[in-house]
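To start, the structure itself, in structure tokens.
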Amino acid sequence: MELELKKMYDTVISIQEEMFYLREREEEMQVLNKTTNNRMAWLSFLSLIVCLSVAGLQVWHLKTFFTKKKLI
């Protein structure tokens, strides 16, 4: 009987350690997820700025080109 209780106790301890390990991993993954989301938001904003600046440069270049050709 005592041996069975010892085995059960060891099983419970190992399950508890596994649960703590999984909770720690979950916290690490949540931090990683938040960091990734922040980086993606920053890079999306940067990409939008680059696209808008390239569009502005294209409009400016086409305007000067057509003005030189006296089409505008």
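The values are calculated or read from the model by the stated rules, or taken from the named source; none is laboratory data. Note that the coordinates shown come from a computational prediction; the quantities given were computed from them, not determined experimentally. Neighbour counts run over all protein chains shown; Cβ positions are idealised from the backbone, glycine included.
So here's what we get for this one:
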{"quantity": "Residue in the range 45-68 that is without any contact (Cβ under 8 Å) to a residue 24 or more places away in the chain, touching a Leu at 6+ places or on another chain (Cβ under 9 Å) and not polar (S, T, N, Q) present", "calculated": "yes"}
{"quantity": "Any hit, the range 53-69, residues being exposed (fewer than 10 other Cβ atoms within 10 Å of the Cβ) and either modelled with pLDDT under 95 or outside any helix (DSSP H, G or I) (or both)", "calculated": "yes"}
{"quantity": "Condition met for Lys6 (surrounded by fewer than 10 Cβ atoms within 10 Å (Cβ to Cβ) and either touching a helix residue (DSSP H, G or I) at 6+ places or on another chain (Cβ under 8 Å) or free of Cβ contacts under 8 Å to residues at least 60 places away in the same chain (or both))", "calculated": "no"}
